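J.: Just passing along the structure, written as structure tokens.
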2 protein chains.
Amino acid sequence: MADVAKLAGVSRTTVSFILNNVPDTNIPDATRQRVLQTARELNYMPNAQALNLATGKTMMIALVVRQTSEQMSGDAFAGEFIRGVTGVIEAENYHLVIHAAEPDARESTYGKLVRTHKVDGLLISSPLVNDQEVKLLYREETPIVLHGAPDTQDIPSVDVDNRQGAYMAVRYLIDLGHRRIGHISNAPFSYASSSDRLDGYCQALEEAGIPYDESLVLAGEFTASSGYEPMRALLDLPNPPTAVFVGSDMVALGAMEAIRSRGARIPEDISLVGFDDILYARYTMPPLTTVRIPAYELGRSAGDLMLKIIRGESLPGTRILLPTELVVRRSTIKCPA
Amino acid sequence: MADVAKLAGVSRTTVSFILNNVPDTNIPDATRQRVLQTARELNYMPNAQALNLATGKTMMIALVVRQTSEQMSGDAFAGEFIRGVTGVIEAENYHLVIHAAEPDARESTYGKLVRTHKVDGLLISSPLVNDQEVKLLYREETPIVLHGAPDTQDIPSVDVDNRQGAYMAVRYLIDLGHRRIGHISNAPFSYASSSDRLDGYCQALEEAGIPYDESLVLAGEFTASSGYEPMRALLDLPNPPTAVFVGSDMVALGAMEAIRSRGARIPEDISLVGFDDILYARYTMPPLTTVRIPAYELGRSAGDLMLKIIRGESLPGTRILLPTELVVRRSTIKCPA
DNA sequence: GCGGGTTACTAACGCGAGTTACTAATACCA
DNA sequence: TGGTATTAGTAACTCGCGTTAGTAACCCGC
């Protein structure tokens, strides 16, 4: 910048004024053009580090994800979510820093990110249920957006409407005539997504006057293999379900294998609905009916909300819930009985 | 830092010396302990922005990915790769910035990242074949590591050994007695990965004395659906192959569908080998024989190489090729004829 | 031809560190 | 006792920018 100033025959201050379009500064057009021209000639690029120090902003936002992210690696969700976030924030000249949170570190490692002024805000995916650090940072006015967190806090958050999605799926099975409907969750019920999906399942049953039978509800744990045993257990019941709502397509893969291993047919003997609409869902045999999650849009919402918070435009306690969509394929059929 | 200095009754310089363990500075242990103690009491955290400006380093590394990344979204590769990179670089206090490259912008957007001192180095995934900007940045001594690039340049790069992986896969089919082996690529042959895998295919054929038949070689394009038509075309040949090596598991899914649509059986009528070992590969029917890519290790290698380059420890022209692994499942069988 | 207002700038400080060059006080030795 | 090393520090500069306060030069009207 000093070079530009010298070459254009003005002070550094003037160059700064011109390049930043500072208002109320009487600079004649001749000078302005001359400075802009020499800046172009010298291919001047502002030093972001100095700019950060002067303005106090880093123009960086961190996406904090769990290290052992079975949730993430299961499908294209992470990639799409990230695409959504970067799409929004890079348009405003922010950048995304990916930060792998230690799975069970005593002291959270992401607090340092904002306390050392490495990033301006935190996008935290699937925070631990009772993470005190998050609440502390929030009270310190750190811009924070949560994803996949329970709704108990007033910290801004985005998520997919898990309850509504599950409700839709189970409601669909009920409409097909099924009355005995099992459920295998995507994850242990301590996770917000699992318990919300269970809620939707229960709500649909209740609305249809079907009593809740806890022997029909079992927990999966992210992976396909975690769906195998629960499904076998359901099939071994004296009065097995005619349909099962699985809280995750990956887990449903294991369930399908279990069904095949028993010689039962999908959907003739048992209807199956998954959740997520992973890429493979349309290539299973038969193609899997499932609930689509708008991962890209979720990323956009998260990024957008973060920018609003940083600009101070956001109301406290904002929670954005994106609707899901039922994708009917061929793993579901009218209840035969 | 000034606060610490004042409270400990020393100058800021002394604090800086102590906290940074600067050698050859005669500071008695009493003073040292006192300063460290007050730093702890004040919960002092260095301001990364100021530190960056002073040292000239940003401690940030950018991962540049294509915006329209069918390659990335196809499976868990991206997530695993990123985990690998962050695992390595965060241990050295570096952070990873994800940057979505405009698909076909006139001027590359990632050059700015390093020219404005936002990041210290560039990890570029699947760069365009003739990206002049990359070469320019490299000549400017920017730390760069390429992934998924052709080997024609002396820019440091990491990749999986595509040629060897393809060779292994085709060699396996040949060992099973197949002589008429088709190939559907993972992407257009302008991509380095596709042409390398084709090379491996050719090498295996040549070694076995099987003449190359160009009617048996067709191009896929990342997605499952792109595998459908090529497979139909192979099946419609007057003398169809008894085995097909598909350069991507996703593409293989489409191929399997095509095979089923013709009423042919896998592997009895046609053996199939994929590439990538996506999560879903073991749940196809039948489970897919494929070539596993070590995505996590690839990420670690990339991060490690980047750190070495930044430290000036790397020899120019370093190219790291990680071996693949053949995963035999049930989509391949001895040639019946 | 003198005061007041505008125009067109610039000097200087601050952001929070790293770093160099220098000094005052003490210790040691002859 | 005088001279020299060593010890224990510090003042001041730098990094590249934003920003505030201030100032010369000119114009206008009376």
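The values are calculated or read from the model by the stated rules, or taken from the named source; none is laboratory data. This structure is a prediction, so every number in the text was calculated from the model and none was measured. Here Cβ is always computed from backbone atoms with ideal geometry, including for glycine, and neighbour counts include all displayed protein chains. Just the protein is used for accessible areas: all its heavy atoms, side chains included, with ligands, DNA and RNA removed. Shrake-Rupley method; radii C 1.70, N 1.55, O 1.52, S 1.80 Å.
The rows are residues; the columns are (1) among the β-branched types (V, I, T); (2) more than 14 Å from every other protein chain (Cβ to nearest Cβ).
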| site | (1), (2) |
| --- | --- |
| B:A101 | no, no |
| B:D131 | no, yes |
| B:T142 | yes, no |
| B:Y167 | no, yes |
| B:S194 | no, yes |
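J.: How many residues, within segment A:1-54, are surrounded by 13 or more Cβ atoms within 10 Å (Cβ to Cβ), near DNA strand D (Cβ under 6 Å from one of its atoms) and part of a loop (DSSP other than H, G, I, E, B)?
T.: Count: 3.
J.: Continuing with this model, one more query. Could you check how many residues of segment A:228-255 are touching a Ser or Thr at 6+ places or on another chain (Cβ under 7 Å), assigned to a helix (DSSP H, G or I) and touching a residue at least 60 places away in the same chain (Cβ under 8 Å)?
T.: Number satisfying all stated conditions: 3.
J.: Please enumerate the residues belonging to segment A:263-290 that are open to solvent by 20 Å² or more (accessible area, probe 1.4 Å) and not in a loop (DSSP other than H, G, I, E, B).
T.: Those that are open to solvent by 20 Å² or more (accessible area, probe 1.4 Å) and not in a loop (DSSP other than H, G, I, E, B): A:D276, A:L279, A:R282, A:Y283.
J.: Just one of the numbered conditions (1) more than 24 Å from B:M256 (Cα to Cα); (2) more than 14 Å from every other protein chain (Cβ to nearest Cβ); (3) of a type outside the set (S, T, N, Q) is not true of A:Y296; which one?
T.: Status for A:Y296: all satisfied but (2).
J.: Turning to a different aspect of this structure: State whether the residues of segment B:116-126 include one that is open to solvent by 20 Å² or more (accessible area, probe 1.4 Å) and within 16 Å of DNA strand C (Cβ to nearest atom).
T.: Yes, that holds for at least one residue.
J.: A further question follows. Taking the conditions exactly as written (more than 10 Å from DNA strand D (Cβ to nearest atom), within 14 Å of another protein chain (Cβ to nearest Cβ) and of a type in the set (A, V, I, L, M)), does A:L63 satisfy them or not?
T.: Considered against the rule, which asks whether it is more than 10 Å from DNA strand D (Cβ to nearest atom), within 14 Å of another protein chain (Cβ to nearest Cβ) and of a type in the set (A, V, I, L, M), A:L63 comes out as yes.
J.: Answer yes if at least one residue in segment B:60-70 is among the small types (G, A, S), buried (at least 16 other Cβ atoms within 10 Å of the Cβ) and at pLDDT below 90, and no otherwise. Don't jump to the end; show me each part of the working.
T.: Taking segment B:60-70 first, the residues among the small types (G, A, S) are B:62, B:69.
Checking which are buried (at least 16 other Cβ atoms within 10 Å of the Cβ) leaves us with B:62, B:69.
The next check asks that each one be at pLDDT below 90; those that pass are B:69.
Yes; the residues of segment B:60-70 include at least one that is among the small types (G, A, S), buried (at least 16 other Cβ atoms within 10 Å of the Cβ) and at pLDDT below 90.
J.: So in segment A:73-93, with the set limited to residues that are closer than 17 Å to A:V251 by Cα and over 10 Å from the mean Cα position of the chain (by Cα), which one is modelled with the lowest pLDDT?
T.: A:S73
J.: Among the numbered criteria (1) more than 17 Å from A:D161 (Cβ to Cβ); (2) within 14 Å of chain B (Cβ to nearest Cβ); (3) within 25 Å of the chain's Cα centre (by Cα); (4) modelled with pLDDT of 95 or more, which single criterion is violated by A:G274?
T.: (1)
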